[in-house]
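Notes to accompany the following structure.
The values are calculated or read from the model by the stated rules, or taken from the named source; none is laboratory data. All values derive from a computational prediction rather than experimental measurement. Cβ: placed from backbone, ideal geometry, glycine included. Neighbour counts: every protein chain shown. Side chains included, ligands, DNA and RNA excluded: accessible areas come from the protein's heavy atoms. Shrake-Rupley method; radii C 1.70, N 1.55, O 1.52, S 1.80 Å.
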Amino acid sequence: MAESKTATKGASGVAMEGQGSGVASGVTILHGGDLDGARLAFPHAPEPWVDLSTGINPWPYPLPPIPADAWNRLPARGAEEGLRAAAAACYGAPSAAHVAAASGSQALIQLLPRLRAPGTVAVLAPTYAEHAACWAGAGHEVREVAGLDALTDGDGADVVVVVNPNNPDGRTLSVAALLGLAERQAARGGWLVVDEAFADADPAASVAGFADQPGLVVLRSFGKFFGLAGLRLGIALCAPDLAGALRAAIGPWAVSGPGLTVATAALADRAWIDATRRRLTAAAAALDARLAAVGLRVIGGTSLFRLVADRRAAALYRGLGEAGLLTRRFERQAEWLRLGLPPDEESVIRLHDACVRILAVTDPSAR
């Protein structure tokens with residue numbers, strides 16, 4: 001069972017499948033991480049649950065000491081400026097002036113559409129459905145495109161949205177292709193929004209270092225790579241005038257005092273970041289091997305999640321749920337199942353054994 005919220009037509013967490021199709025409101029988006037919903041859907045599942053439905057690092061950054069005044073005083077301006085400086089250094093942006101911080105990248109996804117007059121928006125799909133939902137909800141005309149070629153042949157969209165690496169298939173576009181598109185967008189007064197929520201593990205794919213380029217907006221999600229999703233921190237990197245407009249629209253004290261303390265330390269901890277990149281890469285390869293061993297085919301993903309394609313995906317989702325393992329399903333891609341990284345060897349064994357049991361009694365032609 002996945003968390004749901006009202007969103008765009010054709011959106012089910014990875015909706016938006018057809019090229020040139022429009023986006024309307026009123027259909028549910030499914031998200032991962034809803035263990036309360038999973039317990040209701042699978043009331044006899046054993047505890048503890050293993051949540052593999054998100055792309056959150058299961059080995060979080062160790063929390064540093066948090067001073068008392070981070071809890072009992074409003075966040076200081078200097079602390080917020082320190083966070084922005086740390087984010088700029090970590091992500092390669094030119095300066096802290098190019099950074100805006102909000103309570104999660106979702107907050108930025110919802111805010112950006114309200115900083116432009118209604119116009120046309122092209123979303124490279126299929127991808128994270130909240131982008132289309134939020135632009136459509138703000139009155140923009142949203143359409144889905146299947147590839148960059150559709151954007152270079154006179155598409156004319158005022159805003160182009162790309163998730164890179166993509167969720168859920170891990171599709172990655174080159175820095176050169178994105179910068180070329182950003183230049184074309186800027187020439188017509190438009191934006192290119194690049195959601196890099198999963199780019200921390202693969203910094204070579206990032207365009208954050210080019211945040212000074214007019215019209216380019218890069219979004220980063222602190223919680224996924226650092227494993228602290230509950231801290232709620234999203235970062236926008238863009239030209240200083242737009243970053244300033246975002247900060248003004250977000251308002252004061254957007255990030256909590258404890259959040260500022262933790263995130264500033266984490267973003268500056270190069271040793272932990274480098275070691276974690278290596279650990280995630282190894283864990284993703286190990287998960288691929290485990291899935292292949294039970295006959296499942298991995299078709300994509302990032303080092304934080306893997307995407308399986310199998311006609312038995314629906315049966316696997318149900319069977320794993322009954323075994324206390326929550327995965328990520330996609331209603332419009334019925335053969336897809338996304339799995340995050342198991343946090344420990346016990347979880348790996350539970351996943352392996354459950355898959356063996358389920359697949360042994362499931363018809364390979366099942367839908």
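Numbers at a glance
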item: Percent carbon-and-sulfur accessible area, the chain, ignoring ligands, DNA and RNA, probe 1.4 Å; result: 54
item: Size of electric dipole in region 61-178: Cβ of Lys, Arg +1 and of Asp, Glu -1, about Cα centre, debye, nearest 20; result: 420
item: Inter-probe distance in nm under a simple model that places probes 7 Å from Cα toward Cβ, at Asp212 and Ile349; result: 5.5
item: In degrees, nearest ten, helix 257-267 long axis to first principal axis of the chain (Cα); result: 80
item: Ala177 versus Arg270: modelled label distance in nm, points set 7 Å from Cα along the beta carbon direction; result: 3.1
item: Per-residue [θ]222 nm for the chain (sum of -39500 (n - 2.57) over DSSP H runs n ≥ 4, rounded to 500); result: -11000 deg cm²/dmol
item: Size of charge dipole - region 152-300 - debye, nearest 20, with Cβ of Lys, Arg +1 and Asp, Glu -1, no other charges; result: 520
item: Solvent-accessible surface ranking, highest first, for His31, His44 at 1.4 angstrom; result: His44, His31
item: In Å², nearest 10: area of Asp200 left accessible to a 1.4 Å probe; result: 10
item: Mean accessible surface per residue for the chain, computed with a 1.4 Å probe while every protein chain stays in place, in Å²; result: 40
item: Reduced Cα scattering model of the chain, Debye log10 I(q)/I(0), q = 0.10, 0.11, 0.13 Å⁻¹; result: -0.62, -0.76, -1.06
item: Bridge type composition, the chain - antiparallel percent by DSSP, nearest 5; result: 60
item: Spatial separation of Cα centroids for region 284-312 and region 89-159, in angstrom; result: 29
item: Exposure ranking of Glu345, Glu130 by accessible area [1.4 Å probe, largest first]; result: Glu345, Glu130
item: Rounded tilt (10° steps) of 240-250 against the dominant C-alpha axis of the chain; result: 70
item: Diffusion coefficient, µm² s⁻¹, Stokes-Einstein with Kirkwood Rh over alpha-carbon pairs of region 118-189 at 10 °C and 1.306 mPa s; result: 127
